[in-house]
Every structure is written in C-alpha cells, then in structure tokens.
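To keep things clear, I will list the structure first and then write my remarks on it.
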C-alpha cells in the first residue's frame, strides 16, 4: 500500500482545519496524527496527553520521547475520570464517561478545535467515546481523509516512525477489566505490571492482554507458544497473581473486546 495518496489527503484536511489541540493517547493513530499535524498545520498544534492510571506506562514514555524528538508543544493533564463515579462503575458505556472527562478537560485548557486519532475502522466498532466526541465537537482528521488503520500504519512506516509503526493496538488498561467490575488504580497498576513482565519475554510486537474477570486473571496472547514457552509465561503470571493474592485463571488466544459485556436487552 502506497502511503503517498493517504498522506496528501490527510495533509490537505489538516491544513484546512482551524488551529488544533490533538489528544495523544500513545497509540499509533494519535501519534501519527499529531506528528503530521505538527509538520504541516499552518499553526503548530497543541498536543495534550491525559495522565491516568489507565494509560500504560510505556505509552507515556513513548509520547514524551517522541514529543522531545519532534519539538512538540506537549501538555500533560489529569482528565479526572478517576473522580467520576460513572466511569469507575465500569458500565457498558464506560468509554463515554472517560472521553467526556478527557474532552471536557481539554476544552477547559484551550479554545482550539479538538482532534482525535479516530479512523474509519473505529466507526464500525462499539465506541461510546465517539458519542462524547460529538458532544464536544471533536474532529477526526483520519475519518475526514478516508483513512483506516492499515493506511495509518503505511503512513507511519513511510515517515520512518520505527518506534511505533508496527506496534500492536494498545487501548487503555481499563478495557481489560470486565464490564461491571469497578475500575480502581490498584487493578490497573497490576495489569500494567503483568503485561510489561510478559512483554519482556515475548517482545514488543506481541499482542498481550491481561484481563480481570469475575473468575480471576486471564492472559490472552496474539500468537501461539510452544509448550515450554507457554509454561514459562504461565509461571510468570502465577507468581504475579500470587504476590497480590489474585487467582490466575489461565491463558487463551487473544480476542478483541473479550472483557466487554454488552448491555442486557429485553
């Protein structure tokens, strides 16, 4: 896939938008958008990263190093979602409350047009956060330019972003907690620590999800392991769980959104 047509469309979209404040989460989408916006926007954008227990520690480190290398105007803000009982209750639309807090905090910090890294693929998924984005008049340059996830990866590779071009998707840590189990920083810290421990053994390109469910802690992996490696990883998880008096419930293949339970319907 050639990145040039996508780059040209995206650059045109960005150039036609008012001065931007870009929400940067640490994933490939927002990092690519923020970097290109910084390079082509008529007015240098403001980058905003929400500091939160739900953000993987590696994501913040990547943002800060990339921001320094690119010369961004980076602002770190506490979006305050941990103070919102609706978010902490972890309902089926938890993301709505998370994004409402984020965009509300961004709006309080700037009068610029708010922008997100949402792409075409996101529109076909369950994304309550998009409702919050509409309520706060957030623009989605990738959507306006007709760009999906594959095209974003192509753009990132073309621009030489080797630090994150081929990283697996890394949604917030709260997405690992089964719907209805209250979100708390201790659980999020455990998930982050466990995923980092497993990633140290399997490499940064592996898809890893530590899920907290009612029956215990589950580990999901994007690739099958040989028996010896699987036993090693299971041993690591058992030790981590034992240290925090948690039950390790086993390993399974990665399944998108497997901790999400949809709202019951009649």
Next item on the list: Residue by residue through the stretch 14-55, note down the ones that are assigned to a helix (DSSP H, G or I) and touching a strand residue (DSSP E or B) at 6+ places or on another chain (Cβ under 9 Å).
Entry: 14, 30, 33, 34, 37, 38
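Quick grid of which residues meet (1) in the same structural domain as residue 248 (by TED's automatic domain parsing); (2) modelled with pLDDT of 95 or more:
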{"residue": "145", "(1), (2)": "no, yes"}
{"residue": "163", "(1), (2)": "no, no"}
{"residue": "176", "(1), (2)": "no, yes"}
{"residue": "179", "(1), (2)": "no, yes"}
{"residue": "192", "(1), (2)": "yes, yes"}
{"residue": "208", "(1), (2)": "yes, yes"}
{"residue": "214", "(1), (2)": "yes, yes"}
{"residue": "219", "(1), (2)": "yes, yes"}
{"residue": "231", "(1), (2)": "yes, yes"}
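Are any of the residues in the stretch 164-187 part of a helix (DSSP H, G or I), within 24 Å of residue 116 (Cβ to Cβ) and either in contact with a helix residue (DSSP H, G or I) (Cβ under 6 Å, 6 or more places away or on another chain) or without any contact (Cβ under 8 Å) to a residue 24 or more places away in the chain (or both)? Outline the logic, then answer.
Taking the stretch 164-187 as the starting set, the residues that turn out to be part of a helix (DSSP H, G or I) are 173-176, 185-187.
Going one step further and asking which of them are within 24 Å of residue 116 (Cβ to Cβ), we end up with 173-176.
Then drop every residue that is not either in contact with a helix residue (DSSP H, G or I) (Cβ under 6 Å, 6 or more places away or on another chain) or without any contact (Cβ under 8 Å) to a residue 24 or more places away in the chain (or both), which leaves 173, 176.
Checked the stretch 164-187: at least one residue is part of a helix (DSSP H, G or I), within 24 Å of residue 116 (Cβ to Cβ) and either in contact with a helix residue (DSSP H, G or I) (Cβ under 6 Å, 6 or more places away or on another chain) or without any contact (Cβ under 8 Å) to a residue 24 or more places away in the chain (or both).
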Notebook entry, point to check: Right, residue 142: surrounded by 17 or more Cβ atoms within 10 Å (Cβ to Cβ) and more than 27 Å from residue 12 (Cα to Cα) or not?
Noted result: no
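If we keep just the residues of the stretch 16-28 that are on the phi < 0 side of the Ramachandran plot and modelled with pLDDT under 95, which is surrounded by the fewest Cβ atoms within 10 Å (Cβ to Cβ)? Talk me through it step by step, then tell me what you get.
Keep residues of the stretch 16-28 that are on the phi < 0 side of the Ramachandran plot, which gives 16-25, 27-28.
So of that shortlist, the ones also modelled with pLDDT under 95 come out as 25, 27-28.
Details: 25: 23, 27: 21, 28: 24.
Selected residue: 27.
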Notebook entry, point to check: Tell me, which residue of the stretch 109-123 that is crowded, with 16+ Cβ neighbours inside 10 Å and in contact with a strand residue (DSSP E or B) (Cβ under 8 Å, 6 or more places away or on another chain) is farthest from residue 149 (Cα to Cα)?
Noted result: 112
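The values are calculated or read from the model by the stated rules, or taken from the named source; none is laboratory data. This one's a predicted model, so the numbers in the text were calculated from it and none came from an experiment. Counting neighbours? That spans all protein chains shown, and the Cβs are built from the backbone with ideal geometry, glycine included.
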